[in-house]
Amino acid sequence: MRKKVVGLVLGGVLGGALMAGCTSSGSDTGTGSTHTPAASAPGKKPSGAQPDTRAAAYRKWGLKPFADVPAPPAVKPVKTVPGGPVPVISEIPTQKKIVFVTFDDGAEKDPKFVAMMKDLKIPFTMFLMNDAIRSDYGYFKPLQALGNRVENHTLHHPNMRTLGAAAQKNEVCGQQTKLGAEYGSAPRLFRPPYGNWNANTRAAVQSCGLKAIVLWRESMQIKNMQYQRPDKKLHPGDIILAHFRGPSELKGHSMTEMMANMLRHIQEQGFTVARLEDYV
């Protein structure tokens, strides 16, 4: 019944609205702005019809709702081998048109981003670094309460390749302890700063109880994505990197604008967003 209601509302209310895509020219008309909801179609609503709150929430941020996320697999496709090295991944093996959104560091603490995520309920993973978050650990708790996991991004954001084995272990295990104490559960995933790691990193991650090292395939800038593959397209299972950044690093743009631009890129290519921890 809900799908029929969504269809009626989208057809009658949003039929003429087109998603504003981001281009290399830098145009972001409407990005992140608050839009006035379109007027209802003439005539009475069917008896018992409920307002389409999901479409309205997306419309508030200048977006269209995503397609429903496919059910996660019964068996996670990324596994650890007992006694073996932890896996290092940049994408998830899947044929489904899904991608995974991740945010690093934690320097920007924009309350509007929390409001946006409460409205949109887009799943994402937070790789938090202690130096960036220690001024306000509490900022990330409402985001965690939405079902988004807090994962490990070191204490001090060093280039792990420049550190010896003991120093790497301190960076990883030290952050495990802090994040577990602040957020109630120990992280399962680790992302090395700058994507740099070596055999000592892998050993430290395993020793500290984490299950995988997570890299990325695309990185979100202000308006456009940077792609690692020459075809410059998203592929099923890709992991996307973004950062908790604000106007000082985004040339005057907000984190919510950046997020809206990223979601448009994902949607324009026919993908929806799934939760990384459902697959790793």
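Every number here is computed from the coordinates shown, using simple stated rules; none is lab data. If you're wondering where the values come from, they're calculated on a predicted model, not measured in any experiment. Here the Cβ is made from the backbone with ideal geometry for all residues, glycine too, and neighbour counts use every protein chain on show.
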What is the sum of charges around Leu163, taking Lys and Arg as +1, Asp and Glu as -1, for the other residues whose C-beta is under 14 Å from the C-beta of Leu163?
+2
Can you tell me the dipole magnitude for the range 207-257 around its Cα centre, using point charges on the Cβ only (Lys, Arg +1; Asp, Glu -1), in Debye to the nearest 20?
80
A chain fully extended from Glu249 to Leu146 at 0.36 nm per residue, minus the present Cα-Cα distance, gains in nm 34.5 nm
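Evaluate E = 1/(1 + (r/R0)^6) for Ala186 and Ala165, where r is the Cβ-Cβ distance and R0 equals 25 Å; express this FRET efficiency to the nearest 0.05.
Values: r = 21 Å, r/R0 = 0.84.
Step by step, r from the Cβ atoms, then E = 0.75.
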For Ala74, project a label point 7 Å along Cα to C-beta. Then give me every residue of the range 248-280 with its amide nitrogen under 19 Å of that point.
278-280
Please report the net charge: other residues with Cβ closer than 15 Å to the Cβ of Val81, K and R +1, D and E -1.
+4
For the range 159-217, with equal point scatterers placed on the C-alpha atoms only and solvent neglected, what are the log10 I(q)/I(0) values from the Debye formula at q = 0.12, 0.13 1/Å, to two decimals?
-0.25, -0.29
Extension gain, Ser135 back to His156 (0.36 nm per residue minus Cα-Cα distance, nm):
6.2 nm
Using a simple spin-label model with points 7 Å from Cα along the Cα→Cβ vector, what separation in nm is obtained for Asn196 and Lys64?
4.3
Could you derive backbone 3J(HN,Hα) for the range 57-66 from the dihedral phi with the Karplus parameters 6.51, -1.76 and 1.60 (θ = phi - 60°), listing whole Hz in sequence and x where the residue is Gly or Pro?
5, 5, 4, 4, 9, x, 10, 10, x, 6
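Taking 0.36 nm per residue of separation and subtracting the Cα-Cα distance, what length does fully extending Gln228 through Ser90 add?
48.6 nm
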The range 123-137 - phi-based ³J(HN,Hα) in whole Hz, Karplus 6.51/-1.76/1.60, Gly and Pro as x
x, 7, 10, 10, 9, 9, 10, 4, 4, 7, 9, 5, 6, 7, 4
Quick one: 3J(HN,Hα) in Hz for the range 167-172, Karplus 6.51/-1.76/1.60 with θ = phi - 60°, rounded, Gly and Pro as x.
5, 5, 4, 5, 4, 7
Which percent of Cα pairs goes in each bin when the distances of the range 108-234 are cut into 10 angstrom slices starting at zero?
12, 39, 35, 14, 0
Say the dipole of the range 197-280 comes from +1 at the beta carbon of Lys and Arg and -1 at that of Asp and Glu; which of Ser254, Gln267, Gln206 then lies farthest toward its positive end?
Gln206
